[in-house]
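The block underneath contains the structure these notes are about, expressed in structure tokens.
The values are calculated or read from the model by the stated rules, or taken from the named source; none is laboratory data. Since the model is a prediction, treat every value here as computed from it, not as a measurement. Ideal geometry is used to build each Cβ from the backbone, glycine not excepted, and the neighbour counts take in all protein chains shown.
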Amino acid sequence: MALALRNHMWKNKWENNHFDSHSPSKLSSSTTGATFKEYFLSKEFFLTLGLLVGGGITLLMVVFFIILPLLTRHGSTAVVPSLCIPTDKKKYVFIEEAIEKINDAGLQAVIKDCVYVAGMPAGVVLEQEPVPYAIVKPGRKVFLVVSKKVPQLVKLPNILNVSITEAKQNLINWDFKIGKLIEIPSEDDQVKKAYYQGKAIEPGISLPKGSIIDLEYGKIINKNVPLPDVTKLSLDEALNKLSSVGLCGIVVKTEFGTKYPANIVLRQYPSPRKSNDSIQIGKCIDLWISGEPQNIPAEGLPEDE
């Protein structure tokens, strides 16, 4: 009886010691490290890792190849039609036709500017952006420059009594075009007159933008010419004779009560005293002319100096 009880006690003690040695609370650090190492080398870990990597790649492919192309319309393009190049049968492409072509191509028409062009009817497409046959995305805006009928008016800048170089630059700055340049003998190189469509004009006048302006300016010539006698000639004849030799005439006084009809040159200054008298080209001659005959005593004319 005593022996049996003793054996039972030893059995309980061994079982308790064996249980304590394998309990989680008594696991050593080496046992824990071995467990993690076994997991990272297990098939379960590699299977999980493969699923994560494969899922990430699949998600990226869906985003880049499906979602983004849908948002940006990748692969969907449009061709910009030719809008400002006339065909063989048409001289101009008008805005109505241009807008119809743009709409048919799935694009949007936007009139960027209206410009007056001399001789061009209103509503003609002058420029387009993008250029013809460019490949763009659907819905892209096509900007147009169209001609208009009424020109924009611009005031003529100061171009008289300045050098020809300054006058030309002033015209360019105000979007005018330079036409004929007419040289006349003069003591300086300043602009004497300006013409638009053959008529003399003054600074400050309003003209269509892009108008062509002709300029008459002086050319300095250090040369003497024989001094002509223009007395007893009509005013027009005297001015033409002076101009033919590079001189100009200025009417300084009109005399009434003379025996001559109106506009006859009575006297000039300077006047030729000898046949070989000369004067520098570009100089002006003072002229006294007759007025309408009246019963008014004529004033004395100044003596030549």
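Which pairs have Cβ atoms under 7 Å, sit 6 or more apart or on different chains, and link a residue in the range 205-220 that is in contact (Cβ under 8 Å) with a residue 60 or more places away in the chain to one that is surrounded by 15 or more Cβ atoms within 10 Å (Cβ to Cβ) and of a type in the set (D, E, K, R)?
If the second residue must be surrounded by 15 or more Cβ atoms within 10 Å (Cβ to Cβ) and of a type in the set (D, E, K, R), the pairs left are G218/K192.
Among the residues of the range 124-155, which ones are of a type outside the set (A, V, I, L, M, F, W, C), more than 17 Å from Y196 (Cβ to Cβ) and assigned to a strand (DSSP E or B)?
E127, Q128, E129, K141, S147, K148
Could you tell me which residue of the range 215-258 is farthest from A167 (Cα to Cα), considering only residues that are in a loop (DSSP other than H, G, I, E, B) and among the aliphatic types (A, V, I, L, M)?
If we take residues in the range 215-258 being in a loop (DSSP other than H, G, I, E, B) and among the aliphatic types (A, V, I, L, M), then L233 is farthest from A167 (Cα to Cα).
For F19, are the conditions met, namely being over 27 Å from V131 (Cα atoms), surrounded by 10 or more Cβ atoms within 10 Å (Cβ to Cβ), modelled with pLDDT under 50 and not basic (K, R)?
Yes.
Pairs only if they're at least six apart or on different chains, beta carbon under 7 angstrom, first in the range 124-142 and without any contact (Cβ under 8 Å) to a residue 24 or more places away in the chain, second of a type outside the set (A, V, I, L, M); list them, first residue then second.
E129/F143
Search the range 259-289 for residues being of a type in the set (F, W, Y) and in a strand (DSSP E or B), and hand back the single one that is farthest from L233 (Cα to Cα).
Restricting to residues being of a type in the set (F, W, Y) and in a strand (DSSP E or B), the top hit is Y269.
Residues being farther than 24 Å from V150 by Cβ and among the charged types (D, E, K, R): count how many of those fall in the range 172-208.
Count: 7.
If the requirement is being part of a strand (DSSP E or B) and modelled with pLDDT of 75 or more, which of these qualifies: C114, C84?
C114
Restricting attention to the range 190-198, does a residue exist that is assigned to a loop (DSSP other than H, G, I, E, B), free of Cβ contacts under 8 Å to residues at least 40 places away in the same chain and in contact with a helix residue (DSSP H, G or I) (Cβ under 7 Å, 6 or more places away or on another chain)?
Looking through the range 190-198, none of the residues is assigned to a loop (DSSP other than H, G, I, E, B), free of Cβ contacts under 8 Å to residues at least 40 places away in the same chain and in contact with a helix residue (DSSP H, G or I) (Cβ under 7 Å, 6 or more places away or on another chain).
Which condition from (1) touching a Cys at 6+ places or on another chain (Cβ under 7 Å); (2) closer than 30 Å to P151 by Cβ is the one that C248 breaks?
C248 satisfies all of (1) touching a Cys at 6+ places or on another chain (Cβ under 7 Å); (2) closer than 30 Å to P151 by Cβ except (2).
Output the qualifying pairs, or none if there are none: Cβ atoms under 8 angstrom, residues six or more apart or on different chains, first residue in the range 95-120 and outside the structural domain of G210 (by TED's automatic domain parsing), second residue assigned to a helix (DSSP H, G or I) and surrounded by 15 or more Cβ atoms within 10 Å (Cβ to Cβ).
Here the result reads Q108/I102; A109/A98; A109/I99; A109/I102; I111/I95, each pair linking the range 95-120 to a residue that is assigned to a helix (DSSP H, G or I) and surrounded by 15 or more Cβ atoms within 10 Å (Cβ to Cβ).
Residues checked against (1) more than 15 Å from I201 (Cα to Cα); (2) small (G, A, S); (3) at pLDDT 90 or above:
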{"residue": "V142", "(1), (2), (3)": "yes, no, yes"}
{"residue": "V145", "(1), (2), (3)": "yes, no, yes"}
{"residue": "K149", "(1), (2), (3)": "yes, no, no"}
{"residue": "L160", "(1), (2), (3)": "no, no, yes"}
{"residue": "G179", "(1), (2), (3)": "no, yes, yes"}
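Tell me yes or no: at least one residue of the range 156-166 is surrounded by 15 or more Cβ atoms within 10 Å (Cβ to Cβ), in a loop (DSSP other than H, G, I, E, B) and under 23 Å from the mean Cα position of the chain (by Cα).
Yes, the range 156-166 has at least one match.
Is the range 111-129 home to any residue that is over 30 Å from I212 (Cα atoms) and in contact with a strand residue (DSSP E or B) (Cβ under 8 Å, 6 or more places away or on another chain)?
no
Mind listing just one residue for me: the one in the range 105-140 that is farther than 18 Å from S206 by Cα and of a type in the set (G, A, S) and, of those, surrounded by the fewest Cβ atoms within 10 Å (Cβ to Cβ)?
Result: G119.
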